[in-house]
Amino acid sequence: MHSQKLSQFDPEISEAIEREKTRQENGLEMIPSENFVSPAVLEALGSITTNKYSEGYVGKRYYGGCEYIDEVETLAIERAKQLFGAEHVNVQPLSGAPANIAVYFALLQPGDTVLGMDLGHGGHLTHGHPVTYMAKIFNFIRYKTDVNGLIDLDNLRAMAIEHKPKIILVGYSAYSRLIDWQKIKDIADEVGAVTMADIAHIAGLIAGGVMGNPVPIFDIVTTTTHKTLRGPRGGMIMCKEKFAKAIDKSVFPGFQGGPHENNIAAKAVAFKEALEPEFKEYAGQILKNAKVLEEEFKKRDYKICFGQTDNHLLLIDLTNKNISGKEAQIALDKAAITVNKNMVPEEPRSAMDPSGIRLGTPALTTRGMKETEMRQIAGWIDEAIANFTDEEKLKSIRAEVLAMVKNFPLYQ
């Protein structure tokens, strides 16, 4: 075994990691699905728990020597239950997509129908987009938003009555409005469907008490543990007790092998952080910051998809600015502002060169930025988009960004 430090044994990897650390520290991370974990979460993620194989569940492992691993996983489960009010929790999914797929295989037979949100209207690939393998196995029917940018619940009910889905799935990756969990549950009950929510983007806002919680209402709720929840990259499934056995069996042995216990340890740490009073303040500030960005962009004649934001993200249609989402992403990268190109509802362009950009406030809020900084950042974004071919202007904005972020150190 090599006892050298990474920088000594593998300087190429070490230097690439250091460059990435510098990039994170010296820029404005505005991709709404990204965040910065705490040193404690990083410590657990890089711990010796990565050495242990632990196929199975607490008290029912295939391998011996799991008594302390059981302690770690139990803490993660119990903290998640407390955080969300869940009856049953499985913390083993490796990320959000496998969590969703595990639910499908737990509840569905090939050909069964799922009513899910259209990707172009803010949904997620795993909610039934035709390019995914799941769409070849199950029958996904996709609902959309209305002209006001809201999920049309009357239309959703009509579709549910017509198609009789086994699962009604709500949740999103680019939708910026609230969801009426109870009304969707009522529709599902009317047609005998199972309710499933994918709260990957808003889990931290729910945990912080600033958005409604579907866990007590819905049958099954999936989430990632990063994004607004500010934990390691991973997944989790919460469900009513009646679905627990099927869900657990689907995750293991149905879909995954040995869980990544270092990741589960880091999840447990993140859940403990989210139970602290400070996390509620953090979640509230995420919303305040997003609302300021909305106001500033509207002042500058940007089209906010869905009309406004009620959460941590904004989807902006740049058509009236004569720039594509891809061009804007590239220009903002040069200005040290990281966003992602994104499709808008009824997208006329391609997915790889779409009309919009998606941006959000979780990572900036983690660094301690507030309303004043949001106003400055909105101005920089507008300048960069207006001057996207002017390399000198983009370099000038980058210098201003660097001066600001030095006041908000990431890792001391």
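Read-outs throughout are calculated quantities, based only on the coordinates presented, and are distinct from any laboratory measurement. The structure presented is a predicted model; accordingly, all values stated were derived computationally and were not measured. Cβ placement follows ideal geometry from the backbone for every residue including glycine, while neighbour counts extend to all protein chains displayed.
If I compute semi-axes √(5λ) of the Cα gyration tensor in Å from the structure I just sent, which labelled value in (i) 34, 30, 18; (ii) 48, 24, 19; (iii) 35, 26, 21 lines up? Here semi-axes √(5λ) of the Cα gyration tensor in Å agrees with entry (i).
When only Cα pairs under 8 Å and 6 or more residues apart are kept, what is the percent relative contact order across the range 285-405? Let's see the in-between values first.
Working: 199 pairs, mean separation 35.4, N = 121.
That works out to 29 percent.
When Tyr104, Tyr62 are sorted by how many other C-beta atoms sit within 10 angstrom of their C-beta, beginning with the fewest, the order is Tyr62, Tyr104. Of interest is the spacing of the C-alpha centroids, which for the range 377-398 and the range 182-202 amounts to 43 Å.
Straightening the chain between Glu371 and Arg349 buys 4.6 nm, computed as 0.36 nm per residue apart minus the Cα-Cα spacing. Taking every C-alpha pair closer than 8 Å and separated by at least 6 residues, the mean separation divided by the residue count of the range 182-289 gives a relative contact order of 27 percent.
Positive end of the dipole of the range 191-246, charges at C-beta (+1 Lys, Arg; -1 Asp, Glu), about the Cα centre: which of Val215, Ala203, Val191 has its Cα farthest in that direction? With unit charges placed on the Cβ atoms, the residue in question is Ala203. Straightening the chain between Asp180 and Leu125 buys 17.6 nm, computed as 0.36 nm per residue apart minus the Cα-Cα spacing. Peptides 353-364, 131-142 ranked from most to least packed, by the mean per-residue count of other Cβ atoms within 10 Å: 353-364, 131-142. Taking the Cα centre of the range 203-323 as reference, the dipole from Cβ charges on Lys and Arg (+1) and Asp and Glu (-1) amounts to some 200 debye. Counting only Cβ charges, +1 for Lys and Arg and -1 for Asp and Glu, the dipole size of the chain around its Cα centre is about 180 debye.
Helical runs (DSSP H, four residues minimum) scored at -39500 (n - 2.57) apiece and divided by the length of the chain put the mean residue ellipticity at 222 nm at -13000 deg cm²/dmol. Most tightly packed first, judged by the mean number of other beta-carbon atoms within 10 Å of their residues, the peptides 185-193, 243-251 read 243-251, 185-193. Legend: Rg and Dmax of the range 28-134, from Cα coordinates, 17.5, 48 Å.
Computed from the C-beta positions of Phe408 and Tyr53 and an R0 of 35 Å, the FRET efficiency is 0.30 to the nearest 0.05.
How would you order 9-15, 253-259 from highest to lowest mean count of nearby Cβ atoms within 10 Å?
Working: 9-15: 11.4, 253-259: 15.6.
The peptides rank, most packed first, as 253-259, 9-15.
Strictly over 31 Å apart at the Cα level, which of Lys183/Lys280; Lys267/Lys393; Lys249/Lys291; Lys164/Lys227; Lys272/Lys395; Lys21/Lys395 would you flag in this model? Over 31 Å apart, Cα to Cα: Lys267/Lys393; Lys249/Lys291; Lys164/Lys227; Lys272/Lys395.
Length gained on full extension, Ala40 to Glu15: 6.7 nm, using 0.36 nm per residue less the C-alpha separation. A Cβ-based charge dipole, computed about the Cα centre of the range 285-405 with Lys and Arg at +1 and Asp and Glu at -1, lands at about 220 debye. Taking the number of Cβ atoms within 10 Å of each Cβ as an exposure proxy, the fewest-first ranking of His201, His129 is His129, His201. Of Arg375, Arg19, the sequence from fewest to most neighbouring Cβ atoms within 10 angstrom is Arg19, Arg375. Farthest towards the positive end of the charge dipole of the chain, among the residues Cys66, Gln412, Ser176, is the Cα of Cys66, using unit charges on the Cβ of Lys, Arg, Asp and Glu.
Tell me, what is the percent relative contact order of the range 42-274, built from C-alpha pairs under 8 Å that lie six or more residues apart? Working shown, then result.
On the way: 449 pairs, mean separation 72.1, N = 233.
Relative contact order of the range 42-274: 31 percent.
Note on the chain: antiparallel DSSP beta bridges, both residues inside, total approximately 55 percent of the bridges counted.
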